[in-house]
Every structure is written in structure tokens, then in C-alpha cells.
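A.B. asks: Have a look at this one before I ask anything.
Bear in mind these aren't lab numbers, they're just calculated from the coordinates by the rules spelled out. Just so we're clear, the structure is a prediction, and the values are computed from it rather than from any experiment. Backbone-built Cβ (ideal geometry, glycine too); neighbour counts: all protein chains shown.
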Amino acid sequence: MHEITGNIWDFLDQAIIVVTTNCGVDRRGRAVIGRGCARQALEYFPDLAEHLGRLLQEQGARVHDLGKGLVSFPVEETAWSLPDLRLIRQSAQQLRDLADQQGWTKIVVPRPGCGGGGLDWHAVRPVLQEYFDERFYVISIVTRVSGC
């Protein structure tokens, strides 16, 4: 696992971009898009809420390949709950398994739960290190908006 700094969106079309999400779906079937990377992703993928909402309803709360080089990474149950290390661990394992299946060679991941979620990076890092190998780049200090 590599740790880098920069703007995650600079890697669009060059790597798989991971957006941290919650598992909530609204009454219209759209994913509840909170803040951070998921909110930023709406600028690039306007149909994200509808697409992710459909996947959450059909396949449940898990890592989803959203197409176009974008992957969801659940860190909290709802937009109003706190990030959960158990869920982050589960998502890290699922992401690694999906990367293996898809043959992805470069995956850029924000520090899950550490932006607006308030988790300490020193608590999250060992969880990710269990699952992430040299294909994974964990990015911090984004130049646009904090939390991604």
C-alpha cells in the first residue's frame, strides 16, 4: 500500500477511483450522498445516486463497481452514523477481492472515515494494510474539498 497526497480526481481515467459512501437509500431509491468524495463524484457522475441506490437495493451494502473507473466503499451504515472500522475492514477485503477479479493494477482510495467521519488515520491504516498491496494508493490532502 502506498500513501500519497494530492487530488483524487487527477487520477480519473488513469486508475480506479474509490469513493467512500454510506449504505443509505432514500424513498426514491437513490443512494444518500453525504459529503466528501461521494459528493464530489456527483460533478463527474451525475447519475451516481440513482445507480448506486439501485445496486444497494439489489445487492446490499457492499463494495460496488460503478463502472467508468469508479467504485463505492461503504464506511458507515447511514449518512448520519459514524464510520465503523468493522465496515471499513469488510469493504477493504471486498475491494481487494474485486481488484483481483477485475485485474486492476492501480486503485486510488481516500482515507476511509478520516475526513468528515472523524476517524484517526492511525486507527484505520492497520486495517487497510491487512488487505491492500502495491496496487493500492491511499491519498490524503486533497486540493479541492477536505474529506476525500
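A.B. asks: Using the beta-carbon distance between Asp10 and Arg125 and R0 = 30 Å, what value does 1/(1 + (r/R0)^6) give for FRET efficiency, to the nearest 0.05?
C.D. replies: About 0.85, to the nearest 0.05.
A.B. asks: Can you give the relative contact order of the range 57-137 as a percent, counting alpha carbon pairs under 8 Å and 6+ residues apart?
C.D. replies: 27 percent
A.B. asks: Let me ask you something else. Between Ser81 and Arg35, 0.36 nm times their residue separation minus their Cα-Cα distance comes to what?
C.D. replies: Extra length from Ser81 to Arg35 when fully extended: 15.3 nm.
A.B. asks: Would you mind ranking Trp9, Trp80 by Cβ crowding within 10 Å, fewest neighbours first?
C.D. replies: Trp80, Trp9
A.B. asks: Work out from phi, with θ = phi - 60° and the Karplus expression 6.51 cos²θ - 1.76 cosθ + 1.60, the ³J(HN,Hα) of each residue of the range 40-46, listed in order in whole Hz, and give x for Gly and Pro.
C.D. replies: So the J values, rounded to whole Hz, are 5, 4, 4, 5, 9, 10, x.
A.B. asks: Still on this structure, please answer the following. Using 0.36 nm per residue of separation minus the Cα-Cα distance, give me the extension gain between Arg54 and Arg89 in nm, one decimal.
C.D. replies: 10.3 nm
A.B. asks: What's the exposure ranking of Arg86, Arg96, Arg35, going from fewest to most Cβ atoms within 10 Å?
C.D. replies: Fewest to most other Cβ atoms nearby, the residues stand as Arg86, Arg35, Arg96.
A.B. asks: Can you give the Kirkwood hydrodynamic radius of the range 26-148 from its Cα pairs, in Å with one decimal?
C.D. replies: One over the average 1/r among Cα pairs gives 14.8 Å for the range 26-148.
A.B. asks: Return the sequence-ordered ³J(HN,Hα) values of the range 52-58 in whole Hz as given by the Karplus equation 6.51 cos²θ - 1.76 cosθ + 1.60 applied to θ = phi - 60°, using x for Gly and Pro.
C.D. replies: With coefficients 6.51, -1.76 and 1.60, one gets 5, x, 4, 5, 4, 6, 7 Hz.
A.B. asks: Can you list the equivalent-ellipsoid semi-axes of the range 11-81, largest first and in whole Å, using the square root of 5 times each Cα gyration tensor eigenvalue?
C.D. replies: 18, 12, 11
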